[in-house]
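Please read through the structure below; I'll follow up with questions.
The values are calculated or read from the model by the stated rules, or taken from the named source; none is laboratory data. All of these numbers come straight from a predicted model, not from anything done at the bench. FYI the Cβ positions are ideal-geometry reconstructions off the backbone, even for glycines, and counts take in every protein chain you see. Note: accessible area is taken over every heavy atom of the protein model, side chains too, but ligands, DNA and RNA are not part of it. Shrake-Rupley method; radii C 1.70, N 1.55, O 1.52, S 1.80 Å.
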Amino acid sequence: MATTTPNSPEAAVALAKFADAATSPEDRREALSTLSAAKVLPKQADDPAIEAGRRHLVDQARSAGEPGYRLLAIAECIRLTQIVKRWAPEMLDQLRPVFAEPLPDMQLLTNGDDKLNLARACAQMSDPWLPDYLARSIVEEPTADKARAAMVTALLERSDSLAKALQRLAIAFEAFRPDTQAPGDTMARRLARALEVLREALLDSEIEAGDDLGLALHECVSAPLAVVGKPQEDKAQVDLCRQVLLLVHDIVRTRISVVADPTMYRVVDYCRRLSGGRSWPDELKKPLERLITDVTEALLLLGRQGQRDQALLAQLDVLCNHSDRARAVARELAARHPELNEDVRDWLEHGRVRTVRRASESAIEAAASSADESIGLALQAARKARLLRDTLREPLISNLEIYDPGLAPAAQELLDGVQALAVQVEQAAGLRGLELYGTPGEEIEMSTKFFTIVGGAPRQRMLVKQPAIVRKRADGGIGDVVTKGLVE
């Protein structure tokens, strides 16, 4: 095929330079930029001069003597595949031998776009040394945000789990030694930038949580600062803590399996100590409120299964500036969710598991509780009988006194007996703390804790057909359900 003459002298010079085997990767990069801007590429991609330059670029990626030139040639190969997309499969195959051994340090490149293209090249390969190389490059990258983001995405794609990715980052951060007057501040800023990018990549990633994720995150944040010293600048401290808190929030919201794991919040306690230990800075109020919501949701999730976790409840003390606020949050959770097991609600209200009664008392209580359903059903029957008694008493006695006076005293005695029996059943129910919830014919808000639906579809409000038998709490509120009622 004949060579096509470019429209401008600059493009002609660039084409000749691009095709020359002696051209350095730096000059070839400038030539490629000129050819792309002049629209020579991708329109004239099949030009023999372009084909020659492409071959030289791959050769330099494979065998350039200068390590920085090798990296730049790899980056330019990737840029070329983005300009001429149909070349991508072939050129990636040609580049695979380059990745048989670890690449030189990415920081040999000084241009952010070159680092981004090199990161894109790494993202296309699967060699076993790449995850550690990517982790180290993330840690060492000072300014190239887009390149760092591409590296983080590639690291997640090449890690078995999020915990494993964080472990790799922890090792890389521990090995990093900032050459600055305030290494702690520098390390905190690097950590904050890496965690911010990790948060963004995590939302689009399907990577699983992995084992001991909370411990891996704590190690990733605390271990590097233990080596170089904690940050002294307030802004560096706050920025790092904000990214850590938001990352924990993003993890527990997207990896539900760890939301109720107390170790997932261990790094939060570290951040509080990093911030002075007494109270949180005002700038962290918003991420802290998000985590308080996360912890209360986790407590609710466990509570609905009848489970309690003291270590998880204690996280409210870490997240709140005052223990009174933490107790108020837990009590409010118990008040908003009467469907929870009463032992769980009591635990939330008092912040601890109450002392268990002696075995003999528990045995007596268990035996007595077996009769509660019968007492509750008797209470239902007694209240129905009393209602009928109050309705019939006056007309029945009046009619008997007129038409059959001899039966009037017996009828009066029967009605008084019904009244006395109802009172005695109510007293027995009261001693057992039993009450009826709902009145037949009353429209009530549907709750699966208290009622079973009879026919029809569930609605927010339904009619009570049979009241539920419930146990009253010490404060007079409704506690556990002894027997569910019926609604329709």
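For residue 486, what residues show an amide H to amide H distance below 5 Å, using hydrogens built from the backbone and excluding near sequence neighbours?
452, 465, 466
With a 4.7 Å Cβ cut-off, tell me which Cys residues in the chain come up empty for a partner.
Cysteines of the chain left without a disulfide-compatible partner: 77, 122, 220, 320.
Given the peptides 281-291, 163-173, arrange them by the average over their residues of other C-beta atoms within 10 Å, most packed first.
On the way: 281-291: 15.6, 163-173: 23.0.
With the highest mean Cβ count within 10 Å placed first, the list reads 163-173, 281-291.
Between the helical axis of 67-83 and the dominant principal axis of the chain, each derived from Cα atoms, what acute angle in degrees is found, rounded to the nearest 10?
70
Which value at 222 nm does the chain reach when only helices count, each DSSP H run of 4 or more adding -39,500 (n - 2.57), with the total divided by all residues and rounded to the nearest 500 deg cm²/dmol? Walk me through the intermediate numbers first.
Numbers: 20 runs with 301 residues, N = 488.
Computed ellipticity for the chain at 222 nm equals -20000 deg cm²/dmol.
Give a residue-ordered list of calculated ³J(HN,Hα) values for region 137-143 (Karplus: 6.51 cos²θ - 1.76 cosθ + 1.60, θ = phi - 60°; whole Hz; x for Gly, Pro).
Karplus-based 3J(HN,Hα) across region 137-143 equals 5, 4, 5, 7, 6, x, 9 Hz.
Candidates (1) 23.1; (2) 29.1; (3) 26.8; which is the computed Kirkwood radius over Cα pairs in Å?
Checking each listed value against the structure points to (2).
Can you give me the accessible area per residue for the chain, using a 1.4 Å probe, in Å²? Kindly include the intermediate steps, with their values, before the conclusion.
Details: 24660 Å² over 488 residues.
Solvent-accessible surface per residue comes out at 51 Å².
Which part of region 274-302 falls in the paramagnetic zone of residue 449, meaning amide N under 18 Å from the point 7 Å along Cα-to-beta-carbon?
What the label zone holds, given the 18 Å backbone N cut-off, is 296-302.
Per the 1.4 Å probe, what fraction of the accessible area of region 242-359, in percent, lies on carbon and sulfur atoms? Spell out each step's value before the answer.
Working: 2710 of 5870 Å².
Carbon and sulfur: 46 percent of the exposed surface of region 242-359.
Tally up the carbon and sulfur contribution to the accessible surface of region 366-479 as a whole percent, 1.4 Å probe, everything protein left in place. Please list the in-between numbers first.
On the way: 4080 of 6960 Å².
Ligands and nucleic acids excluded, carbon and sulfur give 59 percent.
Let me ask something else. Enter the angle in degrees (range 0 to 90, nearest 10) between the Cα long axis of helix 25-37 and the first principal axis of the Cα atoms of the chain, meaning the one along which they spread out most.
Between the helix axis and the principal axis of the chain, the angle is about 70 degrees.
Give me the distance between the Cα centres of region 423-487 and region 277-301, rounded to whole Å.
Answer, in whole Å: 36.
Enumerate the calculated ³J(HN,Hα) couplings along region 442-454 in order (Karplus 6.51 cos²θ - 1.76 cosθ + 1.60, θ = phi - 60°), each rounded to whole Hz, writing x wherever the residue is Gly or Pro.
Computed from phi, the couplings for region 442-454 are 7, 8, 9, 5, 5, 9, 5, 5, 9, 9, 10, 7, 10 Hz.
Another question about this same structure. Carbon and sulfur atoms: what percent of the 1.4 Å accessible area of region 88-224 do they account for?
Values: 2670 of 5940 Å².
Carbon and sulfur atoms account for 45 percent of the accessible area of region 88-224.
Using 0.36 nm per residue of separation minus the Cα-Cα distance, give me the extension gain between residue 410 and residue 328 in nm, one decimal.
Details: separation 82, 0.36 × 82 = 29.52 nm, distance 5.89 nm.
This chain segment gains 23.6 nm when fully extended.
Right, next: Just report the Cα centroid separation between region 89-125 and region 176-225, whole Å.
Going from one Cα centre to the other spans 24 Å.
Same structure again: So what's the angle, to the nearest 10 degrees on a 0 to 90 scale, between helix 48-63 and the longest Cα principal axis of the chain?
70
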